[in-house]
Amino acid sequence: MKLLRNHRAGLDGFINYGLVLVFYFIMQFLQNGGNLTSTFTSQLVPICVYMIMAISLNLVVGISGELSLGHAGFMSVGAFSGVVASASLMESVSSAPLRLALAILIGGIVAALAGVLIGIPVLRLNGDYLAIVTLAFGEIIKNVINCLYVGLDNAGLHISIKSAEALGMDTAGKLLINGPIGAAGVTRISSFFSAIVLLLITLFVVQNLIHSRSGRAIMAIRDNRIAAESTGLNIIKYKMMAFVTSAAFAGMAGTLYALNLSTVVAKKFDFNTSILVLVFVVLGGLGNLRGSMIAAALLTILPELLREYQEYRMLVYSIILILVMLITNNDTLKDMKQRAVMKIKTVLNGSNKSTKAKQAGGAES
Amino acid sequence: MKMKKSRILALLLALSMCFALAACGGDKTPAPETNGDKAVLKLGFIGPLTGGAALYGESAKRGAEIAVDEINAMTDGKLTIEFNPQDDEHDSEKAVYAYQQLKDQGAQAVIGCVTTTPCLAVAPDANADRMFMLTPSATSPKVTEGRDNVYQICFSDPTMGNESAQFIKDKALASKVALIYNNADAYSQGIATAFKAKAAELGLQIVSETTFASDDEKDFTVQLQDAKTKGAELIFMPIYYNPASLIIKQAADMSYAPKFFGCDGMDGILGIEGFDKTLAEGVMLMTPFNADGQDDATKKFVESYKAKYNGEIPSQFAADGYDCVYAIYNAAMASGEDVSKMSAADFCELMIKTFSSDTFTFSGLTGENMTWSKTGEVAKNTTVFEIKGGVYAPM
């Protein structure tokens, strides 16, 4: 039985990798044939970014069962540290893909550090309190970066929280992060390929974590904290593991996002962005990685598809959200789906049996 | 069972609403059907039409639409305009999508973006694609910096700050100045930085410098108290009109009566609901557009704007949008070429050539005889108004 379950989990994971690869190859194929609109082409990297965000948040909300409302904060940390890293490495690392990889790594590490820092006090809380504190954290990050000035000159990095003049750079200095104006003039090095690679890595790490011993511990804590604690599980440790992993990937997604646009501002990563990612997760299903990936992709594309409705598009968008919620939670429809699946299964099994019987019959004769 | 029924009903209702809304979309202004042999120019527009900055984007769009309507209604005109506005939600990511949408739909030039941050995101793409951009109101000098295809019709932030300091000095309005600005806003900060530098150069004394971090801020007594105790005679506030109105009100409440000086963001202060207009008497602002202006062009524009949009008074953003359309139209007409068949790249080169030429000048609502430098910055006269008897009076 255990073997069977492991087998099933493995298969599930492979379907996810397969889906991502199919997505990549279809897009590549369409792009090479010139059949992709420029709008859609420009959305490819953001789609991957939001998928990574959704997967990483699902680890906290779905698997670890903690409502986090500050996920965009980690994205922000990753975005700005990635921008600084990319600019600082401009001279020493000439290869753009390598620089991107390093920047993503640094973005991820810094976000993970932020995750540890936030996690220590936050993960001692539960439920609503945790949600409130993560929400506050997201806002704090936004405001801190809003008054952060980072410059780069021959002497190295300069950091100030007062003003651009307070950096005291020499004349060759370049302002990387200019307070509320954010990072402007970012060299764009993100590519669809790199986004897909990062997405696969995220899936690999998160899926393996979920199906590992630690993952089962995390889910046990989610299902019954007291029971889990009584069996000797270290609650804080396992919660921290999920939280920090999630923060690290959000940071990496942030770097990818920032290096795909020529300008990023701290205001972008506000409460609304956190909620947007949460919507992906909830719509796709708590704990359901594939669902949240699909939801992230669809909900990123949808507003652009609705552009022809002009000012009504926000309304249409929200109505579609409500419809999806109603339909996916409709018991009648769920029953119908269940029955359809059962039917297909029996038909398949039946035909399998009959072919087997035929083969057996053939062998006999 | 009843429960189930109502749920299905809800689903149906939501569905029908969805279709009903889908039916009434699309307000792209198509070129008139009967345009005979007139050429069609496809102009895109990017601005925030929803979200927190929608007020500015919507105004600019409406202004531009008035210009498009006028041009398309001209009986002797040779060129009609197909206007395609797209929403960027004041967000760089969405602005890039909006731009790509316009590109997909065959826009030949873009008016936008209305706000600075989206503009900074779109400009590199437009530069790479060779798409001409004329922004009505993205005032940061970074927008045009290093890009030959991006032009501004508004003053850049440093120009506004420099000119304000110069004006205060020239008119000897005050010797001790307080500065209150929003340090989380690129526009406000850009002007304030330039103002400080120029004031130091001119020997204007800035006795108090205080900031706030959001246009939703409600209490400015700390900033005002600081200015008051340090004896400032004039408060320079390069901020938007909502916080400005609160500052003026709260200064009156603490019986502190300095002079107030603002920039174009303060235009609209007289239209705020519930604001006692008598408090704004004597407030000075440097803005390129005056809706109370008595010249024919302004009168005509304000009239058509009011008629089309329920008696609303057009703001400076609307005038900027209006001027953008006419500037491109005039440049296209001046070239004498048939622009309708032109690709965006060819049109871009034509526009760059025309705009940066010494002979091309444009007179619109926001300035007379505007000319453009090769870098895309506009040169025009600054105008300062004082609020007298509830209207703008030129100073």
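The values are calculated or read from the model by the stated rules, or taken from the named source; none is laboratory data. In this text, all values refer to a predicted model and were calculated from it rather than measured experimentally. Using ideal geometry, Cβ is built from the backbone for each residue, glycine included, and neighbour counts are taken over all protein chains shown.
Does at least one position in the stretch A:121-138 carry a residue that is closer than 20 Å to A:Met53 by Cα, of a type in the set (Lys, Arg), in the same structural domain as A:Met53 (by TED's automatic domain parsing) and surrounded by fewer than 23 Cβ atoms within 10 Å (Cβ to Cβ)?
no
Taking the conditions exactly as written (surrounded by fewer than 23 Cβ atoms within 10 Å (Cβ to Cβ) and either modelled with pLDDT of 90 or more or β-branched (Val, Ile, Thr) (or both)), does B:Gln250 satisfy them or not?
It is true that B:Gln250 is surrounded by fewer than 23 Cβ atoms within 10 Å (Cβ to Cβ) and either modelled with pLDDT of 90 or more or β-branched (Val, Ile, Thr) (or both).
Testing B:Leu285 on (1) at pLDDT 90 or above; (2) not in a strand (DSSP E or B), one condition comes back false. Which one is that?
The one condition B:Leu285 does not meet is (2).
Conditions: (1) crowded, with 16+ Cβ neighbours inside 10 Å; (2) outside the structural domain of B:Pro136 (by TED's automatic domain parsing); (3) without any contact (Cβ under 8 Å) to a residue 40 or more places away in the chain; (4) of a type outside the set (D, E, K, R). B:Leu350 meets all but one. Number of the miss?
The single condition B:Leu350 does not satisfy is (2).
In the list A:Ser42, A:Ser92, A:Ser88, which residue meets the criterion of being farther than 29 Å from A:Ile301 by Cβ, of a type in the set (S, T, N, Q) and free of Cβ contacts under 8 Å to residues at least 60 places away in the same chain?
Only one candidate qualifies: A:Ser92.
Name every residue in the stretch B:171-185 that is more than 14 Å from chain A (Cβ to nearest Cβ), within 15 Å of B:Lys198 (Cα to Cα) and part of a strand (DSSP E or B), in order of residue number.
Within the stretch B:171-185, B:Lys176, B:Val177, B:Ala178 qualify.
Could you tell me whether the stretch B:263-285 includes any residue that is small (Gly, Ala, Ser), more than 30 Å from B:Ala227 (Cβ to Cβ) and in contact with a Ser or Thr (Cβ under 9 Å, 6 or more places away or on another chain)?
Looking for residues that are small (Gly, Ala, Ser), more than 30 Å from B:Ala227 (Cβ to Cβ) and in contact with a Ser or Thr (Cβ under 9 Å, 6 or more places away or on another chain), one finds none in the stretch B:263-285, hence no.
Please pick out the residue among A:Leu69, A:Leu105 that is in a loop (DSSP other than H, G, I, E, B) and assigned by TED's automatic domain parsing to the domain that holds A:Phe280.
A:Leu69
Whether any residue in the stretch A:127-145 is of a type in the set (D, E, K, R), more than 22 Å from the chain's Cα centre (by Cα) and farther than 30 Å from B:Lys103 by Cβ is what I want to check.
Start the filter on the stretch A:127-145 by keeping residues that are of a type in the set (D, E, K, R), which leaves A:128, A:139, A:142.
If we keep only those that are more than 22 Å from the chain's Cα centre (by Cα) as well, we get A:128.
Narrowing the set further to residues that are farther than 30 Å from B:Lys103 by Cβ leaves A:128.
Checked the stretch A:127-145: at least one residue is of a type in the set (D, E, K, R), more than 22 Å from the chain's Cα centre (by Cα) and farther than 30 Å from B:Lys103 by Cβ.
Among (1) at pLDDT below 95; (2) surrounded by fewer than 20 Cβ atoms within 10 Å (Cβ to Cβ); (3) under 23 Å from the mean Cα position of the chain (by Cα), there is one condition A:Lys162 misses while meeting the rest; what is its number?
For A:Lys162, the failing item is (3).
Would you kindly identify the strands (runs of 3 or more DSSP E) lying entirely within the stretch B:33-127 that contain at least 3 residues that are buried (at least 18 other Cβ atoms within 10 Å of the Cβ) and out of contact with any Leu (no Cβ under 8 Å at 6 or more places or on another chain)?
Ranges flagged: B:39-47.
Can you tell me which residue among B:Gly367, B:Gly336 is under 19 Å from the mean Cα position of the chain (by Cα) and either more than 26 Å from B:Cys263 (Cβ to Cβ) or surrounded by 15 or more Cβ atoms within 10 Å (Cβ to Cβ) (or both)?
B:Gly367
Which residues, taken from the stretch A:167-189, are crowded, with 21+ Cβ neighbours inside 10 Å and either β-branched (Val, Ile, Thr) or modelled with pLDDT of 95 or more (or both)?
A:Ile177, A:Ile181, A:Val186
Any idea which residue in the stretch A:304-330 is nearest to A:Val206 (Cα to Cα), counting only those that are without any contact (Cβ under 8 Å) to a residue 40 or more places away in the chain and more than 8 Å from chain B (Cβ to nearest Cβ)? So that I can check it myself, show each step before the final result.
Of the stretch A:304-330, the ones without any contact (Cβ under 8 Å) to a residue 40 or more places away in the chain are A:305-320, A:322-323, A:326-327, A:329-330.
Subsequent filtering for residues that are more than 8 Å from chain B (Cβ to nearest Cβ) retains A:305-306, A:317-318, A:329.
Numbers: A:Leu305: 31, A:Leu306: 33, A:Tyr317: 30, A:Ser318: 30, A:Asn329: 26 Å.
If we take residues in the stretch A:304-330 being without any contact (Cβ under 8 Å) to a residue 40 or more places away in the chain and more than 8 Å from chain B (Cβ to nearest Cβ), then A:Asn329 is nearest to A:Val206 (Cα to Cα).
Right, A:Glu364: exposed (fewer than 10 other Cβ atoms within 10 Å of the Cβ) and at pLDDT below 85 or not?
Values: exposed (fewer than 10 other Cβ atoms within 10 Å of the Cβ): yes; at pLDDT below 85: yes.
So A:Glu364 fits the description; yes.
Checking the condition more than 14 Å from chain B (Cβ to nearest Cβ), touching a residue at least 40 places away in the same chain (Cβ under 8 Å) and under 19 Å from A:Leu199 (Cα atoms), which residue from A:Gly215, A:Gly254, A:Gly285 passes?
A:Gly285
Could you please give the count of residues in the stretch B:139-151 that are in contact with a Phe, Trp or Tyr (Cβ under 9 Å, 6 or more places away or on another chain) and either under 20 Å from B:Glu93 (Cβ atoms) or not assigned by TED's automatic domain parsing to the domain that holds B:Tyr322 (or both)?
The qualifying residues number 2.
Which numbered condition trips up B:Ala172, out of (1) closer than 24 Å to B:Leu224 by Cα; (2) crowded, with 24+ Cβ neighbours inside 10 Å; (3) of a type outside the set (Val, Ile, Thr)?
B:Ala172 satisfies every listed condition except (2).
Scan the stretch B:68-93 and report the pairs whose first residue is within 12 Å of another protein chain (Cβ to nearest Cβ) and whose second residue is among the hydroxyl-bearing types (Ser, Thr, Tyr), with Cβ atoms within less than 6 Å and a gap of 6+ or a chain change.
Pairs found: B:Asp87/B:Thr50; B:Glu89/B:Thr50; B:His90/B:Thr115; B:Ser92/A:Thr263; B:Ser92/B:Thr117.
Does A:Ser292 satisfy the criteria of being assigned to a helix (DSSP H, G or I) and buried (at least 17 other Cβ atoms within 10 Å of the Cβ)?
Yes: the conditions hold for A:Ser292.
For (1) within 14 Å of another protein chain (Cβ to nearest Cβ); (2) touching a Ser or Thr at 6+ places or on another chain (Cβ under 8 Å), each residue gets a yes or a no:
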position: A:Ala103; (1), (2): no, yes
position: A:Ile106; (1), (2): no, yes
position: A:Val110; (1), (2): no, yes
position: A:Pro121; (1), (2): no, no
position: A:Ile140; (1), (2): yes, no
position: A:Ile145; (1), (2): yes, yes
position: A:Pro180; (1), (2): yes, no
position: A:Ser190; (1), (2): yes, no
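Would a scan of the stretch B:204-220 turn up a residue that is in a helix (DSSP H, G or I), away from every other protein chain (no Cβ under 12 Å) and either at pLDDT below 95 or farther than 18 Å from A:Tyr149 by Cβ (or both)?
No, that holds for no residue.
Every residue in the stretch A:247-265 that is touching a strand residue (DSSP E or B) at 6+ places or on another chain (Cβ under 9 Å) and aliphatic (A, V, I, L, M), please.
Passing the criteria: A:Ala258, A:Val264, A:Val265.
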